[in-house]
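All remarks here apply to the structure that follows.
The values are calculated or read from the model by the stated rules, or taken from the named source; none is laboratory data. Please read all numbers here as calculations on a predicted model, not as lab measurements. Glycine also receives a Cβ, built like all others from the backbone with ideal geometry; neighbour counts cover every protein chain displayed. We work out accessible area using only protein heavy atoms, side chains counted, and drop any ligands, DNA or RNA first. Shrake-Rupley method; radii C 1.70, N 1.55, O 1.52, S 1.80 Å.
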Amino acid sequence: MEPVRTCVGCRSHGSRSSLLRVTIHDNRLVIDERKALGGRGSWVHDEASCLAKALQRKAFVRALRVSGSPDTQTIEKRLNGYGNKVNGSK
């Protein structure tokens, strides 16, 4: 069985492979593509609605236990479609 994680955006459960892992590095939210970076991580669906909800509710800050407001530029680029794979490939 594959581990189950909870999306910080929509709060639904999903398999580890179906969610993005987000960590913090130098006060910046970073998408952990390999899901192997050290430290605390939060999980979110790779959908604009979940990313937007998580940013709006400041769910990453709570899940990662960070004080202040980290730089969300990487996540916002993903939300706006920058960095998505061509033709839906993974």
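Worth a mention:
- Filter result for the condition that a residue is over 13 Å from the mean Cα position of the chain (by Cα) and surrounded by fewer than 18 Cβ atoms within 10 Å (Cβ to Cβ), over Ser67, Ser17: Ser67
- When Asn80 is tested against the conditions (1) more than 13 Å from the chain's Cα centre (by Cα); (2) surrounded by 11 or more Cβ atoms within 10 Å (Cβ to Cβ); (3) within 21 Å of Gly14 (Cα to Cα), the lone failure is (3).
- Residue in segment 42-55 that is in contact with a helix residue (DSSP H, G or I) (Cβ under 6 Å, 6 or more places away or on another chain), part of a helix (DSSP H, G or I) and free of Cβ contacts under 8 Å to residues at least 40 places away in the same chain present: yes
- Per-region count, segment 40-63, residues under 9 Å from the mean Cα position of the chain (by Cα) and open to solvent by 60 Å² or more (accessible area, probe 1.4 Å): 1
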